Amino acid sequence: SAIYELSCEAYKHLGKTSNYYWIDPDGSGTLGPLKVYCNMTEDKVWTTVYHDLQMQTSVGGSSTEKLSVLQLNYSATMDQISAITSSAEYCEQFISYSCKMSRLLNTPEGNPYTWWVGKANEKHYYWGGSGPGIQKCACGIERNCTDPKYYCNCDADYKQWRKDSGMLSYKEHLPVSQVVVGDLDRPGSESKVSVGPVRCQGDRNYWNAASFVTSSSYLHFSTFQGETSADISFYFKTSASDGVFLENLGNTDFIKLELKSATEVSFSFDVGNGPVEIVVRSPNPLNDDQWHRVNAERNVKQASLQVDQLPLEVRKAPTEGHTRLELYSQLYVGAAGGQRGFLGCIRSLRMNGVTLDLEERAKVTPGVKPGCSGHCTSYGMYCANGGKCMEKYNGYSCDCSKTAYDGPFCIKDVGAFFEEGMWLRYNFHSPGTSMKDLVSRTLLSSADPEITAPDLSLNKEELSFSFSTTKVPCVLLYVSSYTPDFMAVLVNPAGNLQIRYNLGGTKEPYNIDIEHRNMANGQPHTVNVTRNGRDIVLQLDHYPPTSYSLPATSDIQFNSPKALFLGKVIEIGKIDQDIYKYSTPGFTGCLSRVQFNQIAPLKAALRPTNSSSHVHIQGELVESNCGASPLTIPPMSAATDPWHLDSASADFPYNGQAIGDGVNRNSAIIGGVIAVVIFTILCTLVFLIRYMFRHKGTYHTNEAKGAESAESADAAIMNNDPNFTETIDESKKEWLI
C-alpha cells in the first residue's frame with residue numbers, strides 16, 4: 001500500500017511546511033514514487049521537479065556542427081511528470097536564450113533555427129512568453145523586439161548580447177526534454193541556454209468530491225477494469241453509521257466497499273472461488289464527520305485493506321482456483337441494487353491510478369451534490385496561533401487577520417528591524433472617532449467582548465512578542481493612556497528585563513524585575529505577559545511561567561488606553577523619568593509578532609489591513625524575521641537530506657530551494673564589527689581634517705563641489721576627497737586579513 005501521499009497538496013493538508021517530499025501520483029500504480037520540492041508558502045501549493053541542465057549553458061560556436069542538442073535529465077520519469085502536470089491546475093517552465101549573432105526562430109525557409117522538445121517527443125516552435133502555434137518570442141507578442149522587423153530579440157542577429165526569455169505555460173507540452181540550437185556555424189556566433197524547473201500549482205484530483213444527500217443516491221461510471229489487479233483509494237466523511245461506498249457486479253463475480261458499522265469498513269469480492277471479506281475495525285467511531293482514508297488492493301497473490309493509519313489487514317489468495325475478476329455491470333458509487341447507500345462525502349476516488357470525476361457526474365445527478373463542505377472539522381487544527389479556519393469549496397484556508405502571524409497556516413512571524421530613533425505608534429482610536437468608539441473597543445478587548453468597561457478601561461491584557469537587541473537600556477514596548485496609567489516592557493542598563501505597571505493607587509509604578517538573565521545578548525527572546533485583575537503571569541522564552549500580584553492598594557483597571565509605542569516613546573504630557581531616560585536615543589534591534597489583545601501593530605504596519613490607518617511610523621520600517629523566536633523552520637541539512645541537489649540552486653529565476661528568511665547571524669555580527677571599525681576610522685579622519693583646517697586659522701566648510709548632487713553628507717565627502725575611498729579600502733584590507 002502507498003506509504004507516500006499522492007501530491008504536495010496532500011502534504012500541505014497534513015500541516016507540512018515547504019520541503020522535499022516523496023509523492024506517488026498514481027497511488028500504487030506502475031509509476032512509483034518520486035521526490036519533488038513542495039512550496040507551501042502560497043494559498044495554492046507549488047510542486048517543483050528539477051533537472052540537471054546548468055543555467056546559462058554555453059552552446060559553442062563550432063563551425064563543424066550545424067545543430068547542438070541539449071538534453072535535460074529530470075529527477076523523475078516523463079510519465080511521473082505527466083501524472084503531475086495532468087492533475088495540476090496550472091504548470092509553467094522558464095526558458096531563456098541569450099545570443100550573440102545567433103538567431104532563434106527566424107529562418108528564410110520558415111523552420112526555426114532553434115526549437116525545444118516537450119512531452120511525447122514533440123517539437124515546439126514557440127518560445128517562452130508565447131503560446132502553441134505562435135512562432136514568436138515574448139517581445140514579438142508585446143511588440144518591443146530589438147528590431148521591429150522580427151519577432152524575437154535574437155533574430156535581429158546583432159553582435160552584442162541579446163536575450164529572449166519567458167514562461168512556457170501550456171502544460172500539455174511540458175516538460176522540456178531537449179533544446180536544439182541551430183544557428184551556430186558562423187564565426188562569432190555564441191549562445192547560452194537556461195531552462196528552469198517544471199513548477200505546477202494546484203491538484204484537481206485531491207479535492208474532487210461529491211456529497212450524497214439521500215441513501216438512495218448514487219453515481220455510475222463505466223465498468224471497472226480490474227481483472228488481475230485492483231487498487232482503490234478514497235477519502236470519506238460522514239455522520240451516518242453505515243452505507244455502501246461503491247460496488248461493481250459481474251455474473252457471480254463482484255467487488256464492493258462499504259461502511260458496515262460506525263467502526264467497521266469492509267472490502268469484499270468474489271473472483272469465482274466464493275466471496276472473500278476483509279474488515280478493518282477502528283477503535284474510534286468513523287462517523288465523526290472527519291475525513292478518513294480508505295485504501296483497498298487486490299492482486300493474484302493477496303488482497304489488503306487499510307483505513308487511515310490503522311494496521312493493514314491482509315488476506316492471501318488461494319494457491320489454486322480463479323484469479324480473474326470478471327465484471328459486467330456499471331460501477332456504482334453510493335447506493336447500488338436497493339442497498340442502503342452512503343450518506344456524506346466521498347472525495348479523491350482513484351481506481352487503478354485514475355481519479356474518477358465525481359464532481360462532473362454529480363452536477364447532472366439528482367440527490368448528489370458536487371463538492372463538499374466542512375473541511376475545517378478535519379483540518380482546522382493546522383491553523384495555528386489563533387488563525388481561523390475558513391471553509392472553501394475545495395479545501396480550506398487559514399485567516400490570520402486577527403493574529404500577529406502570516407503564511408498559509410499563520411506560523412510565519414511578521415517582524416521588523418528598528419534602527420535607532422525609529423518608532424511606531426499604534427493609536428487605539430482611529431483618527432477622528434470619539435474615545436468610546438465601539439470599533440476600537442472590540443479591537444482592544446481580548447477574545448471575549450464582555451471585558452470592555454463603558455469608558456474603555458481594561459481589566460485584563462494579553463501581550464506577546466519576541467525581540468533581539470544588544471543595546472541597553474531600551475524600551476521594548478509602551479502602552480500609554482489618557483490618564484497617568486501606563487504599561488511598559490523595558491531592558492534596564494544591566495541588560496535585565498523589567499515589566500512596569502502603573503495603574504494608580506500606588507506611589508511608585510509596580511515593577512517585575514527578571515534578574516540574572518542577560519536579555520541583550522543579540523539572541524531572540526520571547527515575552528508573554530497576561531494580566532487578569534491583580535494577577536500577572538509572565539513567561540519568558542522556554543522557562544516555566546511565573547506569577548506575580550499587583551500590590552493590594554493598586555487599582556486593577558488600566559484606564560482609557562490611548563496608544564502603543566514600539567522603538568521609542570513619543571507621548572505628550574508627563575512621562576515616567578526612567579522611561580524617558582531609557583527611551584533616548586531609542587531601541588535598536590528586532591521586534592517580531594507583537595500582539596496586544598486583538599491588536600498586531602507591526603503586522604498592521606507591514607501588511608495592508610483594515611487597522612493600518614491606526615499606525616504612524618517615523619523612520620523606515622524594514623521587514624525582517626531577525627527577532628523571530630524560535631528561529632522558524634530550520635532548513636534540512638545536506639547530510640540528512642537524501643536528495644540534496646547542489647546544482648538545483650544554481651540560478652533559477654524561480655528557485656524552489658527552501659531559503660530561510662533569517663539573516664545569517666554570524667555574518668551579520670562580523671559585518672557589524674567591521675562597520676563599527678570603519679565608522680571609528682572615518683570619525684577619526686573627519687576629526688583630523690577639521691583639526692588641520694582649524695590650525696590654518698580659516699573657517700572652511702567641507703561642502704565642496706560635489707555636494708549639491710550628492711545624496712547625503714557621506715556621499716558629499718566621498719565625492720570631494722579622492723583619498724577618502726582609498727582610506728576606506730586600506731582600512732578594510734587591514735581588518736579583513
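The values are calculated or read from the model by the stated rules, or taken from the named source; none is laboratory data. In this text the structure is predicted, and so the values were computed from the model without any measurement. Note that each Cβ is placed from the backbone with ideal geometry, even for glycine, and that neighbours are counted across all protein chains shown. Side chains included, ligands, DNA and RNA excluded: accessible areas come from the protein's heavy atoms. Shrake-Rupley method; radii C 1.70, N 1.55, O 1.52, S 1.80 Å.
For the range 8-48, which whole percent of the accessible surface, found with a 1.4 angstrom probe, sits on carbon and sulfur atoms? Can you show the working numbers first?
Working: 690 of 1370 Å².
In the range 8-48, the share of accessible area belonging to carbon and sulfur is 50 percent.
Heavy atoms only, probe 1.4 Å: what % of the accessible area of the range 52-204 goes to carbon and sulfur, would you let me know? Provide the component values of the computation, followed by the final result.
Numbers: 3200 of 6800 Å².
Whole-percent figure for carbon plus sulfur exposure: 47.
Other residues with beta-carbon under 14 Å from the beta-carbon of LYS369 carry, at +1 per Lys or Arg and -1 per Asp or Glu, a net charge of +2.
Given +1 on the Cβ of Lys and Arg, -1 on the Cβ of Asp and Glu, and no further charges, what dipole in debye does the range 8-48 carry about its Cα centre, rounded to the nearest 20?
Details: 4 positive and 5 negative charges, 27 e Å.
My answer is approximately 120 debye.
In this simple spin-label approximation, VAL676 and SER229 carry label points 7 Å from Cα along the Cα→Cβ vector, and these lie 6.6 nm apart.
Please compute the length gained on full extension between SER401 and SER373, using 0.36 nm multiplied by the number of residues separating them and subtracting their Cα-Cα distance. Write out the running numbers ahead of the final one.
Values: separation 28, 0.36 × 28 = 10.08 nm, distance 2.24 nm.
Extra length available between SER401 and SER373 comes to 7.8 nm.
On a per residue basis, the range 52-204 carries 44 Å² of accessible surface, using protein heavy atoms and a 1.4 Å probe. With R₀ set to 41 Å, the beta-carbon distance separating SER329 from TYR90 gives a calculated FRET efficiency near 0.60. For the range 335-373 and the range 316-331, what is the separation of their C-alpha centers, rounded to whole Å? So the separation of the two Cα centres works out to 25 Å.
Note on GLN56/CYS683: beta-carbon distance plugged into 1/(1 + (r/R0)^6) with R0 of 41 Å gives a FRET efficiency of 0.40. Taking the 1.4 Å solvent-accessible surface of the range 482-556 as the whole, the part contributed by carbon and sulfur is 52%. Note on VAL314 and ALA120: the model spin-label points, each 7 Å out from Cα along the C-beta direction, lie 3.9 nm apart.
Using 0.36 nm times the number of residues separating LYS388 and HIS220, minus their current alpha carbon distance, what extension gain do you get?
Numbers: separation 168, 0.36 × 168 = 60.48 nm, distance 3.74 nm.
Here the segment from LYS388 to HIS220 would lengthen by 56.7 nm.
At full extension, SER547 and SER613 could sit 20.2 nm farther apart than now, given 0.36 nm per residue minus the alpha carbon distance. Inter-label distance, ALA494 to GLN539: 2.7 nm, where each label sits 7 Å from its Cα along the C-beta direction.
I'd like to check one number: the per residue accessible area of the range 213-370, probe 1.4 Å, reported in Å² as a whole number.
Values: 7210 Å² over 158 residues.
Result: 46 Å² of accessible area for each residue.
Exceedance of the 32 Å cut-off in Cα-Cα distance is limited, within the set LYS12/LYS171; LYS16/LYS192; LYS369/LYS412; LYS44/LYS562, to LYS16/LYS192; LYS369/LYS412; LYS44/LYS562.
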